[in-house]
1. From the list Ser17, Ser28, which residue is open to solvent by 30 Å² or more (accessible area, probe 1.4 Å), in contact (Cβ under 8 Å) with a residue 60 or more places away in the chain and within 23 Å of Gly289 (Cβ to Cβ)?
2. Within segment 14-54, track down each residue that is under 19 Å from Leu69 (Cβ atoms), of a type in the set (A, V, I, L, M, F, W, C) and not in a helix (DSSP H, G or I).
3. If you take the residues of segment 160-176 that are within 16 Å of the ligand (Cβ to nearest atom) and open to solvent by 80 Å² or more (accessible area, probe 1.4 Å), which of them is farthest from Ala246 (Cα to Cα)?
4. Would you say Arg98 is part of a strand (DSSP E or B) and surrounded by fewer than 23 Cβ atoms within 10 Å (Cβ to Cβ)?
5. Exactly one condition in (1) buried (at least 20 other Cβ atoms within 10 Å of the Cβ); (2) within 12 Å of the ligand (Cβ to nearest atom) is not met by Pro242; state its number.
6. Would you mind finding the one in Ala157, Ala179 that is away from the ligand (no atom under 16 Å from the Cβ), exposed (fewer than 12 other Cβ atoms within 10 Å of the Cβ), within 24 Å of the chain's Cα centre (by Cα) and modelled with pLDDT of 85 or more?
7. Which condition number in (1) closer than 12 Å to Val215 by Cα; (2) β-branched (Val, Ile, Thr); (3) more than 15 Å from the ligand (Cβ to nearest atom) is the one that Ile286 fails?
8. Count, please, the residues in segment 185-194 that happen to be assigned to a strand (DSSP E or B) and more than 10 Å from the ligand (Cβ to nearest atom).
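The values are calculated or read from the model by the stated rules, or taken from the named source; none is laboratory data. Since we're looking at a predicted model, the values are computed, not measured. Cβ coordinates were reconstructed from backbone atoms using ideal geometry, including for glycine residues, and neighbour counts include every protein chain displayed. Ligands, DNA and RNA are excluded from the accessible area calculation, which covers all protein heavy atoms including side chains. Shrake-Rupley method; radii C 1.70, N 1.55, O 1.52, S 1.80 Å.
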Amino acid sequence: MKPVVVPMPGNERLADSLAAALGGERGSAIVRRFPDGESQVRVESALDGRHAIIVCTLDRPDDKLVPLLLLAAAARDSGAASIGLVAPYLAYMRQDTRFHPGETISAQHIAGWISSRFNWLVTVDPHLHRIASLSSIYPIATQVVHAADDVARWVSANVRQPLLIGPDEESAQWVADVARRIDAPFVVLAKTRRGDRDVEVSVPEVERWRSHTPVLVDDIVSTAHTMIETVGQLRRTGLAAPICIAVHPVFAQNAFDDLRAAGAADIVSCDTISHPSNRISLAASIAAGVRGLLP
Ligand code: R5P
């Protein structure tokens, strides 16, 4: 039987692409709030005995998690044979340790809640820093889709003589991967974060790359202070204004405008979160990831 792809509100476009790519059916659900702020969900498609795929990217997660978990429960109540979650952006992965006494490791709790309702999870480049792999916190089957190939193709088609730049050590993994795919040079900078919006970045010797176009790549752009600080430091070294690429364009509050004002030549993102800067589509790569997990 064809799988049924059900979007949470705001995820319809990706659900359409997945249904088409997987030969599935595009399902629907009603997700609304009662006047008191509680959520009400209702599955509108026939799910009995079928594999359900719920699509919900998890930026601004606190508004989405309760209705998402209720929708998974409603799908189960409707007789779905299995329920998968496609969350191109996976929230809370940066809270992967106890930074201060009295805190908890939020990433583990979110993983536990999602795993208690879904059979499998597909996501794009989750922020794996102090947690080595998704399977160490998600007991369900998981598939990580990497954006590197799609990002590399965009850079290769749109940027003359690129120099890939990662703003911190964690970014080395995807920056090196993108650079390798298009045979471009890359450098990785050193970052110190003192607070949400207090970031310092140091730039190594980049004199010999003066004729190149700097392309900054980071997984998450939230306050954009990592990128803003990096853009400033690169400009001080005499490099051209960089193109900034975000895999996950979270862009909290005025972050996008602030980054533009800081001197980014262009700001481009993958469509893991809907944003006007989306120019790199990951739909085909995500569909391939889902194919690997569908029962
Ligand atoms: C951090 O480790 C991530 O890879 C990003 O560099 C970080 O999340 C960016 O955050 P912000 O845009 O708030 O500086």
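1. Values: Ser28 fails: in contact (Cβ under 8 Å) with a residue 60 or more places away in the chain.
Sole residue among the options that is open to solvent by 30 Å² or more (accessible area, probe 1.4 Å), in contact (Cβ under 8 Å) with a residue 60 or more places away in the chain and within 23 Å of Gly289 (Cβ to Cβ): Ser17.
2. Ala29, Ile30, Val31, Phe34, Val41, Val43, Leu47, Ala52, Ile53, Ile54 - these are the residues of segment 14-54 that are under 19 Å from Leu69 (Cβ atoms), of a type in the set (A, V, I, L, M, F, W, C) and not in a helix (DSSP H, G or I).
3. For segment 160-176, the residue satisfying everything is Glu169.
4. Numbers: part of a strand (DSSP E or B): no; surrounded by fewer than 23 Cβ atoms within 10 Å (Cβ to Cβ): yes.
Considered against the rule, which asks whether it is part of a strand (DSSP E or B) and surrounded by fewer than 23 Cβ atoms within 10 Å (Cβ to Cβ), Arg98 comes out as no.
5. It is condition (2) that Pro242 fails.
6. Ala157
7. Unmet condition: (1).
8. Initially, segment 185-194 is screened for residues assigned to a strand (DSSP E or B), giving 186-188, 190-194.
Now narrow it down to the ones that are more than 10 Å from the ligand (Cβ to nearest atom): 186-188, 190, 192, 194.
So the count comes out to 6.
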